[in-house]
Amino acid sequence: QDPAKAQGGSKVDVNEEAEALIVKSPQKERAPSLFKVLYKTFGPYFLMSFLFKAIHDLMMFAGPEILKLLINFVNDTKAPDWQGYWYTVLLLVSACLQTLVLHQYFHVCFVSGMRIKTAVIGAVYRKVGPSRTPGIWSGPALCCWLSPGLSLSPQNLGPSVLAGVAVMILMVPFNAVMAMKTKTYQVAHMKSKDNRIKLMNEILNGIKVLKLYAWELAFKDKVMAIRQEELKVLKKSAYLAAVGTFTWVCTPFLVALSTFAVYVTVDKNNVLDAQKAFVSLALFNILRFPLNILPMVISSIVQASVSLKRLRIFLSHEELEPGSIERRPLKDVVKRPQVQSPVSLLVKRLVGVSWRTLLAGAGPALSCPSPPSLSRPSLATQGSVAYVPQQAWIQNNSLRENILFGRPLRERYYNAVVEACALLPDLEILPSGDRTEIGEKGVNLSGGQKQRVSLARAVYGDSDVYLFDDPLSAVDAHVGKHIFDNVVGPKGMLRSKVLLQGGRGAGIAPRLGGHLWSPCCPRCEQAGLSPGAHRWPQVVPDAGMKNGHRRSQDKASPLPFVLVTASVREPLLRPQVKLSVYWDYMKAIGLCLSFVSIFLFLCNHVSALASNYWLSLWTDDPVVNGTQEHTDFWLGVYGGLGIVQGIAVLGYSMTVSIGGIFASRRLHLDLLHQVLRSPMSFFERTPSGNLVNRFSKELDTVDSMIPQVIKMFMGSLFNVLGACGPALTPSCVPHPQRFYVASSRQLKRLESVSRSPVYSHFNETLLGVSVIRAFEEQERFIRQSDLKVDENQKAYYPSIVANRWLAVRLECVGNFIVFFASLFAVISRHSLRAGLVGLSVSYSLQITAYLNWLVRMSSEMETNIVAVERLQEYSETEKEAPWQVPETAPPSNWPQVGRVEFRDYGLRYREDLDLVLKHINVTIEGGEKVGIVGRTGAGKSSLTLGLFRINESAEGEIIIDGVNIAKIGLHNLRFKITIIPQDPVLFSGSLRMNLDPFSQYSDEEVWTALELAHLKSFVSGLPDKLDHECSEGGENLSVGQRQLVCLARALLRKTKILVLDEATAAVDLETDDLIQSTIRTQFDNCTVLTIAHRLNTIMDYTRVIVLDRGEVRECGTPSDLLQQRGLFYSMARDAGLV
C-alpha cells in the first residue's frame, strides 16, 4: 500500500461512514416493466380510443331518454303528431352517430393490438432464446357503463334504485375472487401447455428414432399425462366460467327485479307504469351487454397479464456480451506478430471433453485461447469468421441459397466452391440442380451431403478465420481426400486462411502443419509436433483415414427431393366449412350433451321473453285509487320466471363448458394418434411448424375459444330471434353476412397458414443460432422474421377491417329496425298499449348490439371451427401399417436364429419415383457379421429402412427366421430388431427414461449396459446418477456421449439382429475401438449388419455387401473382394488400407 495513502486512510473511512449514514441508501432497483414500454410506444395512439368510447357511452343514454319522451307522447292523446316523428328521427340519428363513433374506437383498439403483437414477436425473436411467444390480446377496455345508467334511474324510480346498486356492489367482490382464481388457473394452464408443446416439439424432431425403437406408445403416454394435468386445470376453469356466466347473465335481471320489488312494496301508491318500467329496463339492458362480454374481457386481461409477466422474465434473461470478443479488422493486425505461413490449429477432443463451448458459446468466434498467465480471459479475432459445426445446419431453402447464405452471387467463385466441396455429382442427381428446395433440417439430403453444403457455405463466405468442429467426419474417404486437397490442404482454397480444426483423427495434424491444442493437455507447440509435445494415440496406420478425414455418415440416400417443394405450402382447404365439421364437433362433445345444451338455451330465452312480456302486462294493469292491485302476484310470477332463467343459464353454461373439455380431450387424442401413426414420408414433407401450429394455436382455440364462442353465438341468436321477430331477421341479416362470413373464413385460414412459417423460421433459427452468430447474420435473419410476421399480419389486418365493414352495415340495419319500431308506434299510437310500445322499442334498442354481435359470433364460430377442421386434417392422410396384428403375431421368442433373407427385394420412396433398391437377393445366416458399403446414393441406408419397414417394399419380400416381415405388425417387428442410428437423439427427461422408456429393465441391468457402453464412470460421477436430467435434444451431453447412450440402449434390448447405421461417426478412434470390441463380445451370437464408416472396422467381418445404384455389385468375404479388385478394392485403396 502507498504510505501517503495509508496515513489519511482512516480519515477517509470516517468521512465515508458519516456520509453513508446521512445520505439515504438508494432505492432498490425496480424490475423492468414490459407494460410501461408498450404503453410509452403505443399508448398515445391507443388512448384515442378512450375519447371515442367516452363519446359513444354518453350517447348510449340518449336512447332510453328518447324512449321516455316517446311513451309520454303515446300516453298523451293531445300531443301533435310531429313530436312523435321528431322523436323517431332523433332515435335514428342518435343511433347512427353511435355506430360511427363506436367502430372508430374498435378499429383503433384492434390495430393497437396488432401492432403490440408484432412488436412483441419481434422482441422475442431478437432475443433468440428457447422461450415461446405468447400473444398479447389488447382487447377493448371495459368502460364504466354502470355509473351513468344508475344515475339516470333515480329519475324514474327514486331511491328504490339503491336496491339495484346493492346487487351490483355485492357482485364486485365476487367478481374479484373469480378474476383471481381465473388468473391462478391460467398460469397453471400455460405451464402445462408449455411442457406439452416442448415435448411434442421433441417428438416431432426425433420421430425417426421413435419409429425405429417402436417407442411411440411410451411417448404418447407421456404427452397424455401432461395433457391430463392440463385438462384438470381446464375443467376447473370451465366450472369457474360457468358460474361466471350465470352471475353475469343474471345480474341485470336481479338488478331490475330488486329495484321493481322495492319500488312497489315500499309504498302502495308507487305505480309501475310503462314509462318507469321500460325506460328503467332500457337502462338496465345497457348493463346487460357489457356484463355478457365481461367473462371474455376478464379472461383476456388475465391472459395478457400472465403473458406480460412471462415475456418480461424471458426478455430480462442474461444476454451474450457483444464486447466479450474483440473483433479487429485485418488492417489492425500489423500490431501483432506476423503470420508467415498459413496457420492451422488442430484441436483434439475425446468423448465428453466439450471444447465446442469455446466455439459456440462465444459467438462462436475464437482465434486463440488466452495464456494461463493472464488473470482475465480474453478472446480476439482479426477479420471475419466462418464456422462449420459438427452437426450441419441446413435451412428450408434452395441448395444455392444455403451456400450463398445471403451474400451476392459471384458465378465463377460459386462454381469453384461447389466443385471444391465435391457437390457437383450431387447437383447432377438433384431434379432442379442447385435450385432444388431442401426440406427442414435437410431431410432430403444424406449426412455427408449436408456437411458438404455446410462447408461450401463457409468457404463461399471467403472469411479470414475458419472454425471447423470436425465437420468432415461425415464424408466418404474419397470425398474427404478431394475436400482436403481442394479446400483445407496446402493447395486448397483456404490455404491462406487461419483455420481452427476440431479433429479426432491421427493423420490430420502433420498435414495441417500448424499447432496442436487439447483440453486434456493445453500446450501449444509451434510449427508442428516436437518430440516432447502432446502426442496422438497410436492407432492402426491410416485406419479408415485418408489425409486425416474419415468417411462416415454419407448415407446412401435415394434423395426424394421432389417431396419438399410442393409440400412446404399449407393448403387453404375448402372454401366453406362443411356442416360435417360442426357435426363432428358435436359428436366429440357428445350428442346427448349437445342437444341438452340447446334445449337449456331455448328455456333461458323463452323465460327471458316471457318475463319482459309479463312486465308489459303488469305496467298496463289499471290503477285503482292511486294503486295497482295484485302487485304481489305480478311480482311473484316475474321473480319465478327469473329463477327459471337463472337455472337454465347455469345449466347451459355447465354443459357447454364441460362439453368443450370432452371435445378437446377427444380431438387432441385423435390428432396425437393420427400424427404418430403417420409414416416417415409424412414428416419429411410436412414442415414441423405446421404440426406445432396444430398442437399449440389450433388446439388452444378448441380448448379455450370455441366453448366461449358457442355460448356467445347461441345467446346472440336467441336474443335476436326474440327481439327482432321472424319477419325482420331473414330479410335484413343475410345480405351483409353472405359477403362477410366467406371473406372472414378465408382470411382466418390465410392467417393460420401464414402463421406456420413464422413458427418454422423461429425453430430453424434456434437450431442454427451458433452459425448465424458466427457469420454475423443476425440482422438478416431478423429482417426475414419481420417479413414473415408482416405476411401474417397482411391476412390479419383485412380481417379487422372486414369486421368493421360488417359491423357498420349491420348496425345500420339495427338502427332502421329501431326507426321503424318507433315509427309504427307513432302511427298506431291510438290503438297500442303504452306497455307494448315500451316493450317493442326497448327490444329494438337492443337489436343493434345483438345483431352486430350475432353475425360477429357466427363468423367467429365459423372461423374458430376451422381449428377443428385443421385438427382433423391429418386423420385423412396416409397411415403406416398397423402396429400390432394379433392374427399374424410371431412367437415371443422370435427371432431365435437371426437369419435374414432378401428375396428379389425392391424399394421406392414414393409411387411416382424410381426404385432405389432393385432385385436384392441376399441371405444372411444367423450370427453372421455383415458390412454394407457403397458410395453416396448407393442405397446402404435404404436397405436398413426397408428392414425396419420405415418404407414398405415395392416388390419382393424380407424373411426373418421364416416369417415374412410384411405380414406382421410394425411394433412386433421393430421391438425385435435393434438399431444404433446415425444421429444420436435424446429426449428431455431422465437418463434412465432415455435408455428404457417402458421401464422394462431393472437398475442392475441398466448399470450393466452403461458399463459395457463405457459410460458407467461418467454416470456414476453425476449427482443424480440415472435420474440425471437430459436437456432438450440431449444438449447437455456431447455428441459422442449421446452415441454411447444409443449403444447402451442396444445393449439393454439385446435382440438377435443388430443394425449399426454409421454409429461411431461422432466418437474418437479409441472410443470407436472400445465400441467395436463391445459389439464383437456382447453381440457375438447375433446377426450384425453394419453400414461401414471406417472400412477397417469391417475387415474381420464374415461378409461384405457392396451396393451401387441400388443393386448388389459384390458380395463375399473382405479378402475375396480385395482379390477381385472391384469396387470394394477401390474403396479400400481410397481408405489407405491397400
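The values are calculated or read from the model by the stated rules, or taken from the named source; none is laboratory data. As the structure is a prediction and not an experimental result, all values here were calculated from the model. Neighbour counts are summed over all protein chains in view; Cβ atoms, including those assigned to glycine, are modelled from backbone coordinates with ideal geometry. Remember, those area values only see protein heavy atoms, side chains included, never the ligands or the DNA or RNA. Shrake-Rupley method; radii C 1.70, N 1.55, O 1.52, S 1.80 Å.
Brief remarks on what is shown
- Residue in the range 1029-1052 that is part of a loop (DSSP other than H, G, I, E, B), at pLDDT below 80 and of a type in the set (A, V, I, L, M) present: no
- Listed by first and then second residue, the pairs linking a residue in the range 472-493 that is open to solvent by 10 Å² or more (accessible area, probe 1.4 Å) and modelled with pLDDT of 80 or more to a residue that is in a helix (DSSP H, G or I) and among the acidic types (Asp, Glu), with Cβ atoms under 8 Å apart and 6 or more places separating them unless they lie on different chains, are ASN486/GLU419; LYS491/ASP485.
- The number of residues in the range 427-453 that are in contact with a Pro (Cβ under 6 Å, 6 or more places away or on another chain) and under 18 Å from PHE775 (Cβ atoms) comes to 1.
- Strands (runs of 3 or more DSSP E) contained in the range 1078-1118 and holding at least 3 residues within 15 Å of THR944 (Cβ to Cβ) and free of Cβ contacts under 8 Å to residues at least 40 places away in the same chain: none
Matching residues to (1) open to solvent by less than 30 Å² (accessible area, probe 1.4 Å); (2) free of Cβ contacts under 8 Å to residues at least 40 places away in the same chain; (3) in contact with a Leu (Cβ under 7 Å, 6 or more places away or on another chain); (4) assigned to a loop (DSSP other than H, G, I, E, B):
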| site | (1), (2), (3), (4) |
| --- | --- |
| ALA938 | yes, no, yes, yes |
| ASN951 | yes, no, yes, yes |
| GLU955 | no, no, no, no |
| SER999 | no, yes, no, yes |
| PRO1023 | no, yes, no, yes |
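- The set of residues in the range 59-85 that are more than 16 Å from VAL837 (Cβ to Cβ) and open to solvent by 30 Å² or more (accessible area, probe 1.4 Å) comprises MET59, MET60, ALA62, LYS78, PRO80, TRP82.
- Scanning the range 928-951 for residues that are at pLDDT 85 or above and over 20 Å from HIS971 (Cα atoms) returns GLU928, LYS929, VAL930, GLY931, ILE932, VAL933.
- Enumeration of residues in the range 699-714 that are aliphatic (A, V, I, L, M) and touching a Ser or Thr at 6+ places or on another chain (Cβ under 7 Å): VAL702
- Subset tally (residues that are open to solvent by 10 Å² or more (accessible area, probe 1.4 Å), over 26 Å from CYS109 (Cβ atoms) and of a type in the set (Gly, Ala, Ser)) for the range 800-829: 2
- Selection of the range 213-244 for residues being open to solvent by less than 10 Å² (accessible area, probe 1.4 Å), under 21 Å from the mean Cα position of the chain (by Cα) and closer than 22 Å to VAL1045 by Cα yields GLU216, PHE219.
- Test set (1) surrounded by fewer than 18 Cβ atoms within 10 Å (Cβ to Cβ); (2) under 30 Å from GLY768 (Cα atoms); (3) aliphatic (A, V, I, L, M) - LEU100 fails condition number: (2)
- Filter result (of a type in the set (Phe, Trp, Tyr) and surrounded by 20 or more Cβ atoms within 10 Å (Cβ to Cβ)) within the range 1124-1138: PHE1128
- Of the residues making up the range 981-997, those that are in a loop (DSSP other than H, G, I, E, B) and not polar (S, T, N, Q) are PRO981, ASP983, PRO984, VAL985, LEU986, PHE987, ASP996, PRO997.
- Being open to solvent by less than 50 Å² (accessible area, probe 1.4 Å) and modelled with pLDDT under 85 is a condition met by no residue of the range 783-790.
- Boolean, VAL1045 is touching a helix residue (DSSP H, G or I) at 6+ places or on another chain (Cβ under 7 Å), within 21 Å of LEU945 (Cα to Cα) and among the β-branched types (Val, Ile, Thr): no
- Qualifying residue in the range 26-34 (condition: in a helix (DSSP H, G or I), closer than 30 Å to CYS109 by Cβ and modelled with pLDDT of 70 or more): yes
- Selection from the range 408-433 of residues that are at pLDDT below 85 and either part of a helix (DSSP H, G or I) or at positive phi (or both): PRO425, ASP426, LEU427, GLU428, ILE429, GLY433
- Test: residue in the range 90-103 that is more than 27 Å from the chain's Cα centre (by Cα), free of Cβ contacts under 8 Å to residues at least 40 places away in the same chain and closer than 23 Å to HIS830 by Cα: yes
- For the range 1005-1021, taking the residues that are open to solvent by 60 Å² or more (accessible area, probe 1.4 Å) and part of a loop (DSSP other than H, G, I, E, B), the one that is modelled with the highest pLDDT is identified as GLY1021.
- For VAL1059, the conditions (1) part of a helix (DSSP H, G or I); (2) open to solvent by less than 10 Å² (accessible area, probe 1.4 Å) all hold with the exception of (1).
- Tally, over the range 843-876, of residues that are touching a Phe, Trp or Tyr at 6+ places or on another chain (Cβ under 6 Å) and under 30 Å from ILE965 (Cα atoms): 0
- Figure legend. Inter-residue proximity from the range 733-759: first residues over 22 Å from VAL789 (Cβ atoms), second residues modelled with pLDDT under 75 and open to solvent by less than 20 Å² (accessible area, probe 1.4 Å), beta-carbon distance below 6 Å, spacing 6+ or different chains. Indicated pairs: GLN737/VAL855; VAL741/SER859.
- Given (1) within 22 Å of LYS191 (Cα to Cα); (2) of a type in the set (D, E, K, R); (3) modelled with pLDDT of 85 or more, number of the condition LYS697 does not satisfy: (3)
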